[in-house]
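See below for the structure under consideration.
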Amino acid sequence: MEATMNQPAGNAWRRATERNWFLEYIDVCLRGSGQVIFMDNPLTGLLNFIAIFWGACAAGMPQVGIGAVLATLLSTATAYAVNVDRDKLKIGLYGFNGVLVGAGIPTFLAPNAAMWAFLVVGSIVSTVVMLAMANVLAKWNCPAGTFPFCVTTWFVMLAAYAFPALSITGLPHAALAHVPAAASGAFGAFEFVRASLISVSQVWFINNPISAIIFLFALVIEDRWCAALAFLGGAVAVGTALIFGANMGAISDGLWGFSAVLTAPAIGCIFMKPTPKGLLYCFIAVVFTVFIQAALNTACGSFGIPTFTTPFNWAMYLFVLANRNFEKKGV
Amino acid sequence: MEATMNQPAGNAWRRATERNWFLEYIDVCLRGSGQVIFMDNPLTGLLNFIAIFWGACAAGMPQVGIGAVLATLLSTATAYAVNVDRDKLKIGLYGFNGVLVGAGIPTFLAPNAAMWAFLVVGSIVSTVVMLAMANVLAKWNCPAGTFPFCVTTWFVMLAAYAFPALSITGLPHAALAHVPAAASGAFGAFEFVRASLISVSQVWFINNPISAIIFLFALVIEDRWCAALAFLGGAVAVGTALIFGANMGAISDGLWGFSAVLTAPAIGCIFMKPTPKGLLYCFIAVVFTVFIQAALNTACGSFGIPTFTTPFNWAMYLFVLANRNFEKKGV
Amino acid sequence: MEATMNQPAGNAWRRATERNWFLEYIDVCLRGSGQVIFMDNPLTGLLNFIAIFWGACAAGMPQVGIGAVLATLLSTATAYAVNVDRDKLKIGLYGFNGVLVGAGIPTFLAPNAAMWAFLVVGSIVSTVVMLAMANVLAKWNCPAGTFPFCVTTWFVMLAAYAFPALSITGLPHAALAHVPAAASGAFGAFEFVRASLISVSQVWFINNPISAIIFLFALVIEDRWCAALAFLGGAVAVGTALIFGANMGAISDGLWGFSAVLTAPAIGCIFMKPTPKGLLYCFIAVVFTVFIQAALNTACGSFGIPTFTTPFNWAMYLFVLANRNFEKKGV
């Protein structure tokens, strides 16, 4: 995960960050934004923020973009304050969970003072949770992924059912598991590609095709192979969900593909070397991610909370922890 | 857990498996079947399959037997494909979770194409989950048990509530915890012995006394002490459930004893040496397994899924992880 | 966590315990009682028992006190029986989870024969669970806290919904997550201080201000700083719960503060050195404990069980595991 900004602009930026602590901090925050999808590249991170703001403003919810930026600043600042490993800090590993906490909370709760208070505390704590999980998983050379974000934001969502000061706007009604209604409607090639694209943007809670294209472009400039796998992961997930008859509205909204968008590059090229056998392993991991997505839709639905990217994290943990026999990349 | 087939037939089989890769593969699959209840013996495994088919066909559900065999073949083949440790592979440690995934899924879902697709993916993934859990627990010299099966099959069961293509036939209705109805009816010595026997066969989702006797006989030919503990574990569990007033129908169906059938030999002779103090420790583990069974009946009931053998696994983990001071056997 | 009873009475007691195994056993039990709140001091433990009995009898539930004493005797005896590390045994580390199991079970279940049977088995097993968790967490130099009590007692509470012989008297009705009603009423300075005090006594399931003062006094005689942090932790939690509009009746009953009463000294002075930066870290941990309390009120409410001190344990795990860069004390 080395930055490959070898253009003159990239070199100038790098030299500037080495001379000025504030520019370094901005650089680390931008890399954190890029690391949501494994990219150690500040330009990728900047484009991600632009895509978030585009989608958030188009949906009339600018607080999602503001929350993402604020949380990135806070979670990264927390990492500086607690003296974390500088090498990991500088490539943004203590910022990406913050980005998602900051985008996630305003997606589901009304933007009142209590929500911002939870967002501030959640952002700070997301770095603590990240450090704790990374320390635990380091014993098996397994990355923490975005599970620190999932756990932190689960606490906030569940807390909204106990604190009247938090106002729920987007959470599903808690409901016991029940036999699902048969899906109806048609799903053509255009809907298929669009759902795969939206799956990419839903990694950041954004339901917008233009944002999706910006997110993908931000990936392409750093790692084309990873971008292709992210899109293909979403497509395989959309296809799997269709085959088993999942609700087509949810598929169109990218809600069946966003975890697979992360599983595919994680297993396919980031944490393991992309060999033919590895790609088959990756394909099975992506399909199983969709099974976990279905399972957690049921389980989290009982509590009235979203799954977030937990299906990706659990699948990634299983397929990384299982593997001591393929060639693994360093984490 | 060494095979003790010292008869001429056993020796001939062993030599045949050393010369022919296909016979070796069959041998490993059969040992995987035997390892469901800790036996590294292909004859035990063969008898187990016979018992499964007998009970499955008697209940008009041959798909349970077919699923068990198919899943064993797939999970074992997956273990070959990902280059696992050959010594552990050869004694069937990457097959027994597959057996249970393959018997469990058709017990609760109708045998349509979607079910078979889930069974195929679940069988393959059960080996990945087994490798992941075994790698994690190896840090404490603790075996993974059948928890990989429980987790994999939980995902499939919960997914059935999100995918209309899967058709639920045997899952309990999801229901919130509520004060239980008082048990009524009589439970004599005959019912007691029968319920203990059925507890043995319910390890494989089979509710059939003849199957139970075949399963016990398959155990006896390899390890009489283990067979006795398995039956006694079931009997103690049946007694404990009766004392605390559990539903008698469920007790008769072996649903209160199947986890204890595994806890008793696991703690009593497989992972620890059978000393008097160890047997007292084992007895407490069996009683606590029944408490966990009761607790998980409530918790899993909220999600509309069975507990599977999770009570055994959690009790086994606790009592194995706690113990660094008795004499422990190698795992 | 060294005892600091340097008074002549303390020295006489210590010499007596060294000469007589029964007095040693009583000493270890009393230290176990003190360790509920991190104090290795038999006098603290004795005062804790007195406070429990005072509150339990005032509420007409002497079984809570009797259960606490019986469970301490049993869990400590179990530790002797399984040959645990003598140094840890002697400072009461295998007794404090028993105290809480023994006070907790009779708080929620009617005192019939089945309840006492569960209390006896639960007390014995609490030591097994403690050993298992301590062995696992030792890999990261993280203490197990009171989570062994939480898990053991959760099993018992959930089992009460499956066993008619157990009679539920104090458990909340299981209910799906729902939008909370707005809080109403006034909460003055007197109520604030009282709620903070009751939060201290609710660590032991006691809702009584006199008991709370005895508990605090028992802390003061061993460690004034820890006593101050415990009270302040409760006060910060009460304030946080008020700000976000939690139910005032529950706040008055100490149900929002009891976890923070433990988080504050744990992070503020027991497991880490009390520096200014450490106290800020402690403050964030306390606020996040309240968020986890809110989240688990929702999640555990779905199962009809209390959270117990799980919010403390999870916050403590996260903030201890995250921290490899502050100065940590030995555990």
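Using the Kirkwood formula over every pair of different C-alpha atoms, what hydrodynamic radius in Å results for the range C:99-170?
Across the range C:99-170, the inverse of the average 1/r is 12.6 Å.
Neighbour counting of Cβ atoms within 10 Å sorts the residues B:PHE190, A:PHE308, A:PHE108, fewest neighbours leading, into B:PHE190, A:PHE108, A:PHE308.
Working note: Cα atoms of the protein assembly as shown, range along each principal axis, descending, whole Å: 81, 80, 45. Rg over Rh for the range C:76-119 works out to 1.11, using Cα positions for both radii and the Kirkwood form for Rh. In a solvent-free Debye calculation with one equal scatterer on each Cα, what is log10 I(q)/I(0) for the range B:1-171 at q = 0.09, 0.10, 0.16 Å⁻¹, listed in the order of the q values? Values, matching the q order: -0.30, -0.37, -0.90.
For chain B, hydrophobic long helices are taken as DSSP H runs at least 15 Å long by C-alpha position along their axis with mean Kyte-Doolittle hydropathy of 1.0 or more; these are B:42-58, B:62-81, B:96-108, B:113-137, B:147-159, B:209-220, B:224-243, B:276-301, B:310-322. Within a straight-line Cα-Cα reach of under 18 Å, A:LYS90 can be paired with the following aspartates and glutamates, leaving aside sequence neighbours fewer than 8 residues apart in one chain: A:GLU2, A:GLU18, A:GLU24, A:ASP27, A:ASP40, A:GLU222. Cross-link pairs exceeding 23 Å in C-alpha to C-alpha distance, out of C:LYS88/C:LYS273; A:LYS88/A:LYS273; B:LYS139/C:LYS273; B:LYS139/B:LYS273; A:LYS273/B:LYS88; B:LYS88/B:LYS139, comprise B:LYS139/C:LYS273; A:LYS273/B:LYS88. With the convex hull constructed from alpha-carbon coordinates only, the range C:145-236 shows a mean projected area of 8.9 nm² over all directions. Computed over the range A:192-312, the P(r) tail beyond 18 angstrom holds 46 percent of alpha carbon pairs.
Between amide H atoms placed 1.01 Å from N, distances below 5 Å from B:MET272 occur with B:LYS329, all of them 5 or more places distant or on a separate chain. Spin-label pair C:ASP253-A:PHE187: with each label point 7 Å from Cα along the Cα-Cβ axis, the two points sit 4.7 nm from one another.
Taking only the C-alpha atoms of the range A:167-212, the Rg (one decimal) and the largest Cα-Cα distance, Dmax (whole number), read 14.5, 39 Å.
Given +1 at the Cβ of Lys and Arg, -1 at the Cβ of Asp and Glu and no other charges, the dipole of the range C:8-159 around its Cα centre is 160 debye to the nearest 20. Fewest neighbouring Cβ atoms within 10 Å first, the residues C:TYR25, A:TYR94 line up as C:TYR25, A:TYR94. Distance between the 7 Å Cα→Cβ label points at B:LYS88 and A:ALA138: 2.5 nm. Distance between the 7 Å Cα→Cβ label points at A:TRP225 and C:ALA81: 5.9 nm. Principal axis analysis of the Cα atoms in the range B:1-66 yields extents of 38, 23, 18 Å, listed in decreasing size.
A Förster distance of 25 Å, applied to the separation of the beta-carbon atoms of A:ALA12 and A:ILE50, puts the FRET efficiency at 0.75. Ordered by the number of other Cβ atoms lying within 10 Å of each residue's own Cβ, fewest first, B:SER259, C:SER123, A:SER184 fall into the sequence A:SER184, C:SER123, B:SER259. Using alpha carbons only, the radius of gyration of chain A set against its Kirkwood radius gives Rg/Rh = 0.95. Between the residues B:MET316, B:LEU70, B:TRP204, the greatest Cα displacement towards the positive end of the dipole of chain B, with unit charges on the Cβ of Lys, Arg, Asp and Glu, is found for B:MET316. When peptides B:99-107, B:16-24 are sorted by average Cβ neighbour count within 10 Å, with the highest value leading, the order is B:99-107, B:16-24. Taking the helices alone, chain A has a mean residue ellipticity at 222 nm of -21500 deg cm²/dmol, built from -39,500 (n - 2.57) per DSSP H run of at least 4 residues and averaged over all its residues.
Semi-axes of the equivalent ellipsoid of the range B:235-287 are 24, 11, 6 Å, computed as sqrt(5λ) over the eigenvalues of the C-alpha gyration tensor in descending order.
Just so you know, all these numbers are worked out from the coordinates, no wet-lab data involved. As the structure is a computational prediction, the values presented were derived from the model and not from experiment. Cβ coordinates were reconstructed from backbone atoms using ideal geometry, including for glycine residues, and neighbour counts include every protein chain displayed.
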